[in-house]
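First the structure, in the form of structure tokens, and then the observations on it.
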Amino acid sequence: MRIVNKGADYYLILGVTESATLHDLHKAYRREALRYHPLINKDKCEDTFEQFKWISEAYEVLKNPILRARYDQYGEVGLKNGIPGDVRKPVKFIYHDDPYKTFQEYFGDWNPFKEIDNKIAFEISQNFSFSGCCSHVKKADPAIVPLQLTLEEIYNGCLKKVSVDYKAFDKDCQTTNIKKKSFTLVVQPGFKEKGRLIFSGEGNQGANVLPGDIIFEVTALEHPFFRREGLDLYHTEKIHVGQALLGCVVDIQTLDNRLLHVPISNVIRQVI
């Protein structure tokens with residue numbers, strides 16, 4: 001990394017020229033972030049993390065037209081310390097120091113292996129001490145998370161926000177800690193019993209394995225009046241003997257708050 005007299009050379013860090021377009025910056029960040037991502041370079045994690053952080057900082061600055069203009073004129077020093085000679089309170093740029101956040105905002109996912117193509121898969125597998133291509137790298141066991149819903153929620157569909165504990169690498173890419181991750185679950189109306197919502201690669205991380213999946217398994221809570229069998233609902237209603245013999249009309253409050261008037265005209269001889 002070359003340091004110019006005004007501080008770090010963000011253009012050199014990303015491998016682009018000063019005339020680079022926004023499209024050029026996106027391509028350069030994608031290339032360099034995958035190249036130096038610590039999870040991909042586990043055998044030299046400490047070395048690559050620092051470069052990974054510089055790449056992320058450079059991208060955050062250069063993709064922003066205002067920050068880029070200030071950087072082009074005053075360099076890293078002026079960007080972070082304020083414009084020289086400006087008597088007003090200096091506006092300082094402070095990078096949040098979390099390159100993983102920058103990575104996730106760009107790719108929409110923290111997992112670098114989802115972006116690796118077959119051309120560089122063999123190199124990645126070597127860092128994981130496996131032979132062959134990345135398709136042979138073992139995946140961590142999935143985490144099965146029970147998701148208990150009311151029959152009303154299943155019948156009508158719902159959105160559920162759920163937090164899950166999972167094992168995540170620290171910045172050294174060697175040790176793991178328990179962290180929390182939040183998910184927004186979209187449950188479609190009539191979602192089947194034991195049906196699953198799968199978040200691929202969002203689960204536990206570990207040495208020499210790809211991140212596992214988090215799987216939410218839907219089960220219905222017991223309801224006082226309805227039970228579910230497949231796609232059918234069965235309602236239980238208590239009536240008097242006289243009603244069973246002479247007939248009656250039973251009012252049933254449905255799961256979507258409609259009121260049904262169900263006529264009972266046949267003689268009920270036994271309880272089913």
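Some values worked out for this structure:
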{"read-out": "Failed criterion for Glu222 (all others in (1) closer than 30 Å to Lys181 by Cα; (2) touching a residue at least 24 places away in the same chain (Cβ under 8 Å) hold)", "value": "(2)"}
{"read-out": "Candidate set from segment 90-104 (those that are surrounded by fewer than 16 Cβ atoms within 10 Å (Cβ to Cβ) and among the hydrophobic types (A, V, I, L, M, F, W, C)); member that is modelled with the lowest pLDDT", "value": "Val91"}
{"read-out": "Matching entry among Val187, Val145 (being modelled with pLDDT of 95 or more, of a type in the set (Val, Ile, Thr), within 13 Å of Phe216 (Cβ to Cβ) and surrounded by 15 or more Cβ atoms within 10 Å (Cβ to Cβ))", "value": "Val145"}
{"read-out": "Residue match in segment 154-176 (condition: in contact with a Cys (Cβ under 6 Å, 6 or more places away or on another chain), on the phi < 0 side of the Ramachandran plot and modelled with pLDDT of 90 or more)", "value": "no"}
{"read-out": "Test: residue in segment 171-184 that is of a type in the set (Val, Ile, Thr), surrounded by 13 or more Cβ atoms within 10 Å (Cβ to Cβ), outside any loop (DSSP other than H, G, I, E, B) and out of contact with any Lys or Arg (no Cβ under 6 Å at 6 or more places or on another chain)", "value": "no"}
{"read-out": "Qualifying position, being at pLDDT below 85 and in the same structural domain as Arg30 (by TED's automatic domain parsing), among Lys63, Lys114", "value": "Lys114"}
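This table checks each residue for (1) acidic (Asp, Glu); (2) in contact with a Gly (Cβ under 8 Å, 6 or more places away or on another chain); (3) farther than 25 Å from Lys53 by Cα.
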| residue | (1), (2), (3) |
| --- | --- |
| Thr176 | no, yes, no |
| Pro211 | no, yes, no |
| Ile214 | no, yes, yes |
| Leu260 | no, no, yes |
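The values are calculated or read from the model by the stated rules, or taken from the named source; none is laboratory data. From a predicted model like this one, the values you see are computed outputs, not experimental measurements. Using ideal geometry, Cβ is built from the backbone for each residue, glycine included, and neighbour counts are taken over all protein chains shown.
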